[in-house]
Structures are given as structure tokens and as C-alpha cells.
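Scroll down for the structure; my scribbles are underneath it.
What follows draws every value from the coordinates through simple rules; no lab data is involved. The shown structure was predicted, so the numbers you read here are calculated from the model rather than taken from an experiment. Using ideal geometry, Cβ is built from the backbone for each residue, glycine included, and neighbour counts are taken over all protein chains shown.
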Amino acid sequence: MKDTSSTRMLLTGNHAVAWGARLSRPNFMACYPITPQTPILEKLMDFQMKGELDAEILTPESEHSAMAACVSASMAGVRVFTATSCQGLLLMHEKLHYAAGLRAPIVMFNVNRTVAAPWGFWPDQTDSVSQRDTGWIQLYSESGQESLDTVIQAFKIAERVSTPVLISHDAFYISHALEPVEVPAQATVDQYLPPYEPELFLDTERGESVGNVVSPEMFCQHRKDMGQAMQLAIAATQESDAEWERLVGRGYGVIETYRCDDAELVIVTMGSMCGTVRHAVDEMRASGRPVGLLKVRLFRPLPSAALRDALAGVPDVLVLDRNFSPGTGGVLHQELKSTLFGMPEAPRVHGYLAGVGGVNMSPGKIEELADRVCQAEPSIQSVWAG
């Protein structure tokens, strides 16, 4: 279905995010500027200054304070958005646990960037994957269009399962790159995303409280409830995506497969590298090599059943990680091995650290890695691509 009410604009990925946030009608935002996230905040403040965004925007002294303010606003019962990157996300770490533990449906956009030290500004997903145990749903975007759509979807997902959502796209490859983006009409988004009406919120008339000291048994039950919400988030993401696709004709799923039907090797990755892999897959297919792409969009919770179904019968899998966990290697590589454990005739899983620190991964380099995989036994540890 084509959304005839949309407007095509030439936008950077970050400005596409700002449009997604504006259209979702958040009531409160607290952001601290950090390269390469800053254009998101600048565009949102531009919308507010022109009277096109009816939201309170707070610019506190740090990202830690920004998340503290977002948690407080969410607990007061309003829709909340924020954005950050890299060291800013790491500075928020304590408050990410608070947000998830309080079941605050905050939506945050992170621009993936190399973590210090040494200092750098290049695309690398270590900042966000290192937050995988905080209790936030995590989605990864391949393009500016997907980023805009995912922001809108994220509010529906977060509010359905009372769990915060973190969306990420890669620095510069997406954040500052211009592309044509279909911006939906406000009426379309309003139809999809009704006003936020929480069941639990702080109000002096209600006399409720949150975040109390609890017994070990109550804490354990609370964690079980968080885990159940995480599992419900898989279906919530699928349903929210399907509803959006019916309205505007664009859907992404929790994973996406490309030319995988008869593939003997499937390349698995996240974010902007998916576009490069698509090109490499087309080149390899043209030369007669049966290779496909599996794009992981939903990383937390990891959609294990969908991954196992998609990779059933595939002899070899090549995981490309634009992140590095010292002592473990590529995080997606390790997570996929865990997911496929015990699967009958499971694929051989080869992990390569590819694009770490923003190192360019060309289609030719990806083809080279694919050829290398077909001639080697998989290594327990992830292997450096270069």
C-alpha cells in the first residue's frame, strides 16, 4: 500500500529521526548534544521554535541528568523521547537500569559511535550492544527511512509492553548521509499512534509510588515480569511493524532475509552494513555463488525462533560484527551461536570482526571473507577481518 499522503524529502538520517520523533507527539524530551547525535536535538529544537512541536525540551548538564529527567517525566505519565551517542549512552548506564526497572516506555535514539579511549567519531556498535543487559528493547536501523519509521513504531512497542526502547543507526554512514525519505502525514501517524494513556503514573491525587525498597522475593518476581515483557516484545514488534506496513506500505520485521531460499552461505549482520552486504550478495549471485543476507533488526530480545527458522538447512553462516567485546569477540557472533545451540544439523557459524572502529568494509572485502569461510572450519573466537 502506497501512503499517498506522505511527503518525499531529502533528509539526513538524523533529521529523519527528528521527523519521526516530531510526528509521534512526545510531550517531553531531555537531550544533551554529542557528536554525531547533535543534529537530532538541533532539528527538534528548530521544530519547537517554529511552533511545530508541542513538547517541553530540557537540555541539562549531562546525559546522566537527561535520562534521570526522562525517567521522571515518564513516571508522571507523558510520552518521552531522547537521543544520544557513544560516551553519552555509557554515562546513562545507571539510569538505563532505572528506566527499565520502572517499566518506563521511553524511546531513545542512539547514533552508534566508537567508544573511548582512544578518541574517535566513527561508526561502531559497541556503545549500544554493551547495554544489552539493561532491560531495554534494542532495534537497529539500516537507513534514514527505516530510522524514521522505527521511531514511530518504537513508541507503540514501548507502550504495549511497558518497556523502554533503544534504536540505533550508524554514525555518518546513516546519521549524516542524505537520502530521499517518505515523511508520513501527521494524520497517518495519529491513526497509528493514539495519545499515551498509562495505567500507572505518579499523581498526588492517586497516592501511588514507584521504586520502593523490596524483599528479595519481590525483586526476583519483578525480574521475572521484566523477562516476560521482553518475550512479549517480539510479538509486539512484529504486530506494530505489520500495522505500520498496512498504513504506509513499509515494513521491516524483526529479521529480514535476502536471497536466502537456496543459500549455502548466509551473511548475518546489523545496521548500515546490511546495505553493503546486499550489494556483495548480488555480485556473488551473479557469479553463481549461492549466498544470502540475514539482517537482524531486533537485537533485544533476540528473536531466536525466527533466526532458527531462517537458518534451518543452511550449511554455513558468516556473522559480521561492527563491535568488539574484549575477551569474547563479536557480540552478535556469540549470541547467534547461543541461539543455534542444540538445533538439529545447525549451521557452522563463522564470526568476523568487520568494520570495528569504522573501518570500511567494501563489497569486495565481504566477498573475500565469504570465500575464506567456505574453505575454513569455524573458530570458537571471532576472527579479525583485516
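Miscellaneous remarks
- Shape category assigned to the stretch 312-379 from the gyration tensor of Cα positions, a/c cut at 1.5: oblate
- For the stretch 60-175, the square roots of the Cα gyration tensor eigenvalues, ordered a ≥ b ≥ c, give a/c of at least 1.5 with a/b no greater than b/c, which places it in the oblate category.
- Expected 222 nm ellipticity per residue - DSSP helices of 4 or more, -39500 (n - 2.57), all of the chain, to 500: -12500 deg cm²/dmol
- Computed from the Cβ-Cβ distance with R0 of 45 Å, the FRET efficiency linking Met49 to Val214 stands at 0.55.
- In the chain, the longest principal axis of the Cα atoms and the axis of helix 13-23 are about 40 degrees apart.
- Taken about its Cα centre, the stretch 7-248 carries a charge dipole of about 140 debye when Lys and Arg each add +1 at the Cβ and Asp and Glu each add -1 at the Cβ.
- Convex hull projection area averaged over all views, the stretch 84-142, Cα basis, nm²: 4.0 nm²
- Rounded to the nearest 20, the size of the Cβ-charge dipole of the stretch 255-384 about its Cα centre is 380 debye, with Lys and Arg at +1 and Asp and Glu at -1.
- Shown for the chain: lysine pairs separated by 8 or more places, or found on different chains, whose C-alpha atoms are under 30 Å apart, numbering 18.
- In degrees, nearest ten, helix 63-75 long axis to first principal axis of the chain (Cα): 60 degrees
- Contact order for the stretch 228-382, expressed relative to its length and based on alpha carbon pairs under 8 Å spaced 6+ residues apart, stands at 22 percent.
- Ratio of Rg to Rh over the stretch 212-309 (Cα coordinates, Kirkwood Rh, two decimals): 1.16
- For the stretch 7-248, the direction-averaged projected area of the alpha-carbon convex hull comes to 13.2 nm².
- Considering only Cα atoms, the convex hull volume of the stretch 17-97 works out to 81 Å³ per residue.
- Cα long-axis angle, helix 331-340 against the chain (0 to 90 degrees, to the nearest 10): 80 degrees
- Sparsely packed loop sites in the stretch 22-73 (the GluC sites (Glu not before Pro) outside DSSP H, G, I, E and B with at most 12 other Cβ atoms within 10 Å) comprise Glu52, Glu61.
- A dipole drawn for the chain from +1 and -1 charges on Cβ atoms has a positive end, and of Trp244, Phe121, Leu23 the residue lying farthest that way is Phe121.
- Considering only alpha-carbon pairs that sit under 8 angstrom and 6 or more positions apart, the relative contact order computed for the chain is 17 percent.
- 3J(HN,Hα) couplings calculated from phi for the stretch 223-236 with the Karplus curve 6.51 cos²θ - 1.76 cosθ + 1.60 (θ = phi - 60°) are, in sequence order, 5, 4, 5, 4, x, 5, 4, 4, 5, 5, 5, 5, 5, 4 Hz; Gly and Pro show x.
- Selection from Pro39, Phe324, Ser141 lying farthest towards where the dipole of the chain points positive, charges on Cβ: Phe324
- Theoretical FRET efficiency, 1/(1+(r/R0)^6), r = Cβ-Cβ of Phe201 and Val359, R0 35 Å, to 0.05: 0.15
- Max-minus-min Cα coordinates of the stretch 156-261 on each principal axis give 51, 37, 29 Å, with the largest extent listed first.
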